[in-house]
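Below: one structure, written as structure tokens.
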Amino acid sequence: MADALVYRAEGAAVAAGTDLYGFTVTRWQLPATYPPFAAILFVPLSWLPVPGLKVAFLAGNAVLLAVLVRLSCRFAGITVRTETVVAVTAAALWLEPVFQTLVFGQINLVIACLVLWDLSRPKGVSGSGVALGIAAGIKLTPAVFIIFLFLTGRVRAATTALAAFAATALLGALALPSASVDFWTRRIFETGRVGKAWIVDNQSLQGLVARVLHDPQSGGVWAAVAVLTGGAGLWAARKVPYRWGVLVTAVTALLVSPISWSHHWVWCVPLIAVLVREGRVRIAWAVAAVFAARTMWLVPHQGDLDLRLPWWQQVLAAPYAWLGLVLVGCAVAYAGRRRRLTPAPGLRPGPRSSIS
């Protein structure tokens with residue numbers, strides 16, 4: 001649970017008034033990488049002894065997984081009984097992103113639950129966007145969903161989310177002014193601080209491109225691919241049905257983020273739920289198999305072997321990134337087909353006409 005130890009150290013740094021971004025912990029020398037607002041929330045973790053911290057993270061993440069399963073079913077429109085949620089939760093523990101979240105003591109399930117709960121609420125309900133804004137304030141990636149809300153005409157929820165996100169940054173600035181200046185002007189741009197982008201742990205486009213090109217310095221190519229994918233993904237997310245729009249946005253964010261560790265892909269849980277709800281059971285099983293197979297750990301990855309993989313191992317090394325690209329591609333194809341089949345204004349068919 002190395003990440004849980006980092007969170008604990010962040011909380012301790014805030015409580016002690018020491019440099020939030022100047023320490024490293026664990027034998028991997030891991031630094032703090034989240035905004036100051038997150039570090040403030042981690043203060044209670046510093047009160048726990050390490051064994052108690054690990055038990056709390058293990059139990060808490062198990063409960064949060066059950067919550068995510070329930071939210072995913074509600075999001076997909078599936079009615080489930082409590083015993084079904086328990087059974088599915090037990091099975092979902094073996095999905096690699098979920099399992100790794102528990103192993104590392106990560107907060108991915110918290111973030112996913114906040115975002116999915118907010119986005120699955122009825123349109124226009126009071127307070128929509130607050131949970132999303134808080135999630136973005138803890139871990140910046142969910143901010144992409146704010147763009148999605150604006151693109152889909154949910155301006156009130158998007159504005160609320162943006163205000164909530166700004167409030168987290170303001171709170172961090174008031175409580176930790178020097179750390180806030182350090183993070184927002186410097187640390188936020190230090191991708192290498194998070195880890196090596198080319199290792200198989202990274203299931204984003206940057207990791208995929210670096211391994212395919214056998215070059216850790218592939219920033220130009222990656223940037224072009226990321227911009228293209230990000231634009232296409234958000235355009236398609238606006239055109240497809242709402243459930244798929246949320247999922248396409250989540251996958252797009254994971255793809256274009258400089259680093260998306262394999263445990264960030266806990267969005268596989270609602271993806272599988274939606275596939276089951278729409279009757280695509282075989283595809284759901286196939287997706288579950290991809291997220292349970294752990295193929296990235298089967299290819300050579302000690303030292304710099306990640307950069308020397310032959311072409312036939314590239315799919316095994318980046319299964320989530322390739323699957324994400326397939327999902328975005330399908331969404332773009334669906335949106336393009338729908339656009340071609342939409343009649344121009346003034347040329348709409350009568351009630352007995354049809355468009356082939």
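Just a few scattered comments:
- Test result for Arg81, at pLDDT below 95, closer than 26 Å to Ala292 by Cβ and not β-branched (Val, Ile, Thr): yes
- Filter result (open to solvent by 60 Å² or more (accessible area, probe 1.4 Å) and of a type in the set (A, V, I, L, M, F, W, C)) within segment 213-248: Leu213, Val221, Ala224, Val227, Leu228, Trp235
- Qualifying position, being in contact with a strand residue (DSSP E or B) (Cβ under 9 Å, 6 or more places away or on another chain) and either over 24 Å from Ala173 (Cβ atoms) or assigned to a loop (DSSP other than H, G, I, E, B) (or both), among Leu58, Leu5, Leu53: Leu5
- You will find that of Ala136, Ala161, Ala173, the residue that is aliphatic (A, V, I, L, M) and either at pLDDT below 95 or over 22 Å from Gly233 (Cβ atoms) (or both) is Ala173 and no other.
- Breaking point among (1) among the aliphatic types (A, V, I, L, M); (2) open to solvent by 10 Å² or more (accessible area, probe 1.4 Å); (3) touching a Ser or Thr at 6+ places or on another chain (Cβ under 7 Å); (4) within 30 Å of Ala13 (Cβ to Cβ), for Leu174: (3)
- Cβ-Cβ under 9 Å pairs, at least 6 apart or on other chains, segment 286-308 side farther than 19 Å from Val209 by Cα, far side open to solvent by less than 50 Å² (accessible area, probe 1.4 Å) and in a loop (DSSP other than H, G, I, E, B): Ala288/Leu95; Phe291/Leu95; Phe291/Trp265; Ala292/Leu95
- Any hit, segment 75-84, residues being of a type in the set (S, T, N, Q), part of a helix (DSSP H, G or I) and surrounded by fewer than 20 Cβ atoms within 10 Å (Cβ to Cβ): yes
- For segment 13-43, filtered to residues that are open to solvent by 60 Å² or more (accessible area, probe 1.4 Å) and not hydrophobic (A, V, I, L, M, F, W, C), the residue that is farthest from Gly133 (Cα to Cα) is Arg27.
- Any hit, segment 99-120, residues being in contact with a helix residue (DSSP H, G or I) (Cβ under 8 Å, 6 or more places away or on another chain), aromatic (Phe, Trp, Tyr), open to solvent by 60 Å² or more (accessible area, probe 1.4 Å) and not in a helix (DSSP H, G or I): no
- Criterion (touching a residue at least 60 places away in the same chain (Cβ under 8 Å) and surrounded by 24 or more Cβ atoms within 10 Å (Cβ to Cβ)) met by exactly one of Trp198, Trp267: Trp267
- Each residue in segment 294-318 was checked for being closer than 14 Å to Glu96 by Cα, assigned to a helix (DSSP H, G or I) and open to solvent by less than 50 Å² (accessible area, probe 1.4 Å), and 3 of them qualify.
- When the residues of segment 61-74 are filtered to those that are open to solvent by 30 Å² or more (accessible area, probe 1.4 Å) and of a type outside the set (A, V, I, L, M), the one that is nearest to Arg280 (Cα to Cα) is Arg74.
- Single unsatisfied condition, Gly192 versus (1) part of a helix (DSSP H, G or I); (2) surrounded by fewer than 22 Cβ atoms within 10 Å (Cβ to Cβ); (3) touching a residue at least 40 places away in the same chain (Cβ under 8 Å): (3)
- Residue within segment 170-181 that is assigned to a loop (DSSP other than H, G, I, E, B) and within 25 Å of Leu132 (Cβ to Cβ) present: yes
The values are calculated or read from the model by the stated rules, or taken from the named source; none is laboratory data. What you see is a predicted model, and the numbers here were worked out from it, not measured in a lab. Here the Cβ is made from the backbone with ideal geometry for all residues, glycine too, and neighbour counts use every protein chain on show. Note: accessible area is taken over every heavy atom of the protein model, side chains too, but ligands, DNA and RNA are not part of it. Shrake-Rupley method; radii C 1.70, N 1.55, O 1.52, S 1.80 Å.
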